[in-house]
Amino acid sequence: MATTTVEGALAGAAHDHREPSYIQASSGLKAWLFTIDHKRIGMMYLASVWTFFFIAGALALLFRLELLTPNLDLLLHLVGGENAAMIHAKALDLYNKLFTLHGGLMVFAFIVPSIPASLGNFFLPLMLGAKDVAFPKLNLASYYLYVIGASVVVYAILGAGLDTGWTFYTPYSTTTGTAVTTATLGVFIMGFSSILTGLNFIVTIHKMRAPGMTWNRMPLFLWAIYATSVIQILATPVLAITLLLLVMERTLGIGIFDPAMGGDPVLFQHFFWFYSHPAVYIMILPAFGVISEIIAVHSKKHIFGYWAIAISSVAIAIISFLVWGHHMFVSGQSEFAAVLFSFLTFAVAVPTAIKVFSWVATLYKGSISFTTPMLYGLMFLFTFTIGGLTGIFLGALAVDVHLHDTYFVVAHFHYVMMGGTVVAFLGGIHHWWPKMTGRMYPETLGKICSVIIFIGFNLTFFPQFIAGTQGMPRRYATYVDQYTIYHELSTVGSLILGVGLFIVAIYLLVSMFKGKQASDNPWGGASLEWATQSPPIEHNFHDTPHVDTDPYNFPNIDRSASIGHH
Amino acid sequence: MTTTTAPHGGAAPPHGHDHDHPSFLAHHFDTPAQQEASAKMGMWVFLATEILMFSGLFLAYAIARWAYPEMVLEAHHHLSIPMGGVNTVVLITSSFTVAVGVRAAKIDNQKLLQWMLLATIFLAGCFLVVKYFEYSAKFEHGLLPGRFYTADYIAKDLTVPSPLGGPHTFFGIYFLMTGLHGVHVVLGMCVMTWIYLRARRGEFGPHFFTPVENVGLYWHLVDLVWIFLFPLLYLVK
Amino acid sequence: MATTYIRGKQVEPEMEAPHHDVAPMSLYWKVFGALLVLTCLTVAVSYADLGKASLAVAMVVAVVKSTFVVMYFMHLKGDDRTFTFIFLSTLVFVGIFFGLTFADLSTRDAVNSEWGYHGWANEKGQIIERTAPAHGEGGHEAAAGHEAAPTEGHPSPEAAPTH
């Protein structure tokens, strides 16, 4: 392991002293809370999204425990009431609130901002060779909007109660007495945060690239972030207007979604999924970017099909706007539209498969080192492929009619979101941990935990595929006995998964203070973030770096010292 | 290593370009041109989000009109074409004044810039006053959105008791669209006032007028939305 | 001394903002005049009975007006072409939003009509026959209304003969 494999704007190389890092640059709570440094904002996002991830995850464990047995039991003990029937009703109600909070927080407070807002914020300017994002103050504002929005959602669901599921489907959401208005306000605010982050990133990528950083020399992570931002920009405003219409429907009774007044509840689903389908690509595209980095760096091989991966990110962003109707196959849209959307859905598999094949081809004959990030990368290839392929099942119109609203769907999107995004996020955190904190995480423990997570994850969600094909519907607190075995396996798996994630969180926290000092470039990466010191200085680089090669040029890296500074 | 290291003056400044940064240039940009291009691009991307947000309401309108053409035709007779027309002229004029204001900033005509900004704010105020009279007339006649709609069913063809596709939907959409547009007008006035105060301090000139230009872009978008709202809501045929 | 870069290309270290083309005042007056004329035109046309073409005419006028605003007031003409790209691609996505939503709404009845079903179910599951098509010509049937379950004894507007 070379200490400095990239010559560049390194303090140690060019000067005889190391400058204070962005962490040491100033101290005190105020210096963090009012910072406009993208790295600090990225770290604040990282802490926040992980907080929400653990809250939402704990809720999942709670209702997974409830689902261990076919009948209600655990939740009965958590609610009070005068008689058995009332306790029963309250427990069912609690179950609805639990999965709503789990889904709402995971989607809006965790997965949507997870990789782009934390790793993206931290590494986008570094990888571009810029001093900061284009609008640093906007960046901080979007962080606070996110925190406020997420808090409003938590308050709405915990304080006032919400049981619509994260999708807010009408007509239930327009008629239920629960806190739909408050919750949508929270989501609305988080949407603003998402828009501002996307706007910031797009402008940064367009206007802040370092000299020589042409589009085809951009690390693939940035291409993925770019495609993600495009979706955030184009889709999130429609979510805002959808939620506004929903709130107006509740308060004024306009009737657009209300059949009794001449409206159409299916229309809500059109509006909602115009955002929310592209939004699942907001969730997964950054993960693709992380995986591209991990696979290339840890197999020390030039990424296979750079342009194919880059362009397929953009292609996914565009196609994602054409497929939303596949969420509505059984909700009363026309047969023609269902066939059309089913057909278009298959199209999105093409760029996705191009990526997977390119990653596998990158591994071929690479010098693979089985570091923790790489283990997560390989795990991603495995679990995401299962998630992606089961998506094809669900995109097929006839099959979906059978599988709709079953645990098969639940398993599918957890394989994509958890097996895809969360695994990539974990991989990315390990990959960039030395850069972000200047410390190494414990490698052996990291590897062990990745295996625990792999086992726990598959044990949790694979049985759900089987239960789903046999007809187990989602969102039920009780079930018939024949599904018991699948739920038992799933609950045991979820506990293993929870333990694995918990250990990861603990050792990462500990390593921030007690970890081994990390070198500037522990993995021998060739992109610009490895060319500055670990952790980076406040302004990222001493001088604007100059780029004249691409970021996956590993074999020549020591000889042609391609990244310098003027 | 392809280039030489820029010499650092003294005790390692955070970065090496401070001394030739003009006051309006933020620390993370290299040149004013880069800053201007970034700010403007940010504004255009923001406008894109605005367009998509309004498009949701336009789609709701399109669906209502497509599903209940007679209802929309009848209901729109209750909107005042003169008032809508006057407001259209007011907004177009304000678009003109703000465009002239940006031009004034570019040619360093400070007086004209300030007057044009004031004119725009004034016209925006006129727009809201007309809107106020329009809204109060609607309130008076019970032409309110959704379940607050209390006027009689308008057309004789629509006197059936069923509320299906009734004029309450049209007025719901009318109030939503014009209301959201009105919120944008109010926000525009606030931002414009801030820009005016900065212009009075002489912050803008040929070297730096991006904030003026951006608020202008925003204001033109508000105008654009109205250019479509006016024929769709007031001039249905 | 400092070398400066814009978007990856080295530039002269000029601290002046780049030269801005200032359009002549006459252009602004012309555009303003054109917008006023078009506004009058669209109001005038609305009083003429153009039938089905009236919406198309109104929209064409609105598009022409907004093109003027975008090109000359917002300076899209002659500005960075990226902005034009952003603006136009936004419109493409608005088109997708409208297009695919209407692809559903306008074909809601296709299969049912093909199979000879012309009614819809009310909330009790009874089938209510639709007596007459709503507006004579196709494509105007109130698809959104078909989701509705009209209360009995209250025929929906579609069921009532219109005009």
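Any read-out appearing in this document is the output of simple, stated calculations on the displayed coordinates, not a laboratory observation. Small disclaimer: the values here were computed from a predicted structure and weren't measured. FYI the Cβ positions are ideal-geometry reconstructions off the backbone, even for glycines, and counts take in every protein chain you see.
Annotations
- Exposure proxy ranking, count of Cβ atoms within 10 Å, fewest first, for A:His38, A:His402, A:His326, B:His78: A:His402, B:His78, A:His326, A:His38
- Listed by chain and number, the lysines placed with their C-alpha closer than 29 angstrom to that of B:Lys138 are B:Lys156, B:Lys237, C:Lys52, C:Lys65; residues fewer than eight positions away on the same chain are left out.
- Kirkwood analysis of the Cα pair distances in the range C:23-97 returns a hydrodynamic radius of 14.1 Å.
- Within-12-Å neighbourhood charge of A:Thr372 [Cβ basis; K, R +1; D, E -1]: 0
- Its Cα centre serving as origin, the range B:31-234 has a Cβ charge dipole (Lys and Arg +1, Asp and Glu -1) of approximately 500 debye.
- MRE, 222 nm, helices only [DSSP H, n ≥ 4, -39500 (n - 2.57), over chain A, to nearest 500]: -21000 deg cm²/dmol
- Nearest-0.05 FRET efficiency for A:Phe336 and A:His402, computed from C-beta distance (R0 30 Å): 0.90
- In chain A, the longest principal axis of the Cα atoms and the axis of helix A:335-363 are about 30 degrees apart.
- The mean sequence distance of close C-alpha pairs (under 8 Å, at least 6 residues apart), as a share of the length of chain A, puts its relative contact order at 22 percent.
- Of the trypsin sites (Lys or Arg not before Pro) in the range C:27-114, the ones in a loop by DSSP (not H, G, I, E or B) with at most 10 other beta carbons within 10 Å are C:Lys52.
- Tilt relative to chain A, helix A:484-514 - C-alpha long axis, 0 to 90 degrees, to 10: 30 degrees
- Leading residue at positive end of dipole, the range A:35-565 (Cβ point charges), from A:Ala315, A:Met379, A:Ala531: A:Ala531
- Note on B:90-101: average number of Cβ atoms from other chains within 10 Å of each residue's Cβ is 4.
- Low-density loop positions, chymotrypsin sites (Phe, Trp or Tyr not before Pro), the range A:427-491 - DSSP coil, at most 16 other Cβ in 10 Å: A:Tyr476
- Note on the range A:35-565: dipole from Cβ charges, positive end direction compared against A:Leu340, A:Pro171, A:Ser490; the farthest Cα belongs to A:Ser490.
- Compared with the dominant Cα axis of chain A, that is its longest principal axis, helix A:265-298 is turned about 30°.
- Sorted fewest first by neighbouring Cβ atoms within 10 angstrom, A:Leu381, B:Leu221 come out as A:Leu381, B:Leu221.
- Cβ-placed point charges (K, R +1; D, E -1), dipole of the range A:35-565 about Cα centre in debye, nearest 20: 1200 debye
- Neighbour counting of Cβ atoms within 10 Å sorts the residues A:Ser519, A:Ser26, fewest neighbours leading, into A:Ser26, A:Ser519.
- Proximal charge balance of A:Phe122 [Cβ under 11 Å; K/R count +1, D/E count -1]: +1
- With N as its number of residues, the protein assembly as shown has a Cα radius of gyration that, divided by 2.2 N^0.38 Å, comes to 0.98.
- Using C-alpha pairs below 8 Å separated by at least 6 residues, the relative contact order for chain B is 29 percent.
- MRE, 222 nm, helices only [DSSP H, n ≥ 4, -39500 (n - 2.57), over chain B, to nearest 500]: -23500 deg cm²/dmol
- Cβ charges +1 (Lys, Arg) and -1 (Asp, Glu), total dipole of the range A:385-508, debye: 420 debye
- By definition, a body whose alpha carbon gyration tensor gives a ≥ b ≥ c is oblate when a/c is 1.5 or more and a/b is not larger than b/c, and the range B:11-135 fits this oblate description.
- Filter on A:Lys131/B:Lys40; A:Lys355/B:Lys40; A:Lys131/C:Lys77; A:Lys300/A:Lys435; B:Lys111/C:Lys30 - keep pairs with C-alpha separation over 30 Å: A:Lys355/B:Lys40; A:Lys131/C:Lys77
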